[in-house]
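Okay, so here's the structure we're looking at.
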Amino acid sequence: MQNAVCSRQKGQGGVRSAAASFTAGFTLIEVVVAAMLILVAFVGLYQLFQISARYVVTAKAREAALSLAQERMEQLRALSYSAVGTVGGTPSGSIPQSEIVALDTTTFLRATTIVYVDDPADGTGGSDVDAGGPNDYKKAQVSVSFPTENGTTTVTLVSNFISGTAM
């Protein structure tokens, strides 16, 4: 008679076998493995976000540096040929050789170098055949440097000036 009661409860879900209790639900190891996989995924996404944010900040600073270099180059192009030079430099002029410019939270160092160039196409030194002598044209270089996490990054523009026009 007890067998009949057990079989009736078994059909109603009252009695479980030993094998059925091990297959229902998650074990502690499965939960830990799943948690670790989720943790690895979230850490990877967090790292990707950090790298993206650093890249955006560096790209913004690089664009600002390029803008500062272009601004200085345009100032030089607006000058007459004889006025293209730096304060205390050869050739001399009104443009500062270096200056610190602060934009937003970044500090930039803008350096301007202008030198005479003796073009070997018309001879060099005393054998120069043109009436202008050994100083055939001026070469201007504007470099803007700014700090990054990996050191210092520099943006450089170069232009040649002949008789008041840029090449």
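The numbers here are math on the coordinates, done by the rules we state, and not lab data. Remember, it's a predicted structure, so these values are computed and weren't measured experimentally. We place every Cβ from the backbone using ideal geometry, glycine too, and count neighbours over all the protein chains shown.
Summary of values
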quantity: Mean Cβ neighbour count within 10 Å, used as a protection proxy, ranking 57-65, 99-107 highest first; calculated: 57-65, 99-107
quantity: Additional length obtainable on full extension of the chain from residue 80 to residue 59, 0.36 nm per residue less Cα span; calculated: 4.2 nm
quantity: For segment 25-166, alpha-carbon Rg relative to the globular expectation (2.2 N^0.38 Å, N residues); calculated: 1.79
quantity: Relative contact order, percent, segment 25-166 [alpha-carbon distance under 8 Å, six or more residues apart]; calculated: 21
quantity: Computed lengthening from residue 163 to residue 41, 0.36 nm per intervening residue step minus Cα-Cα distance; calculated: 37.7 nm
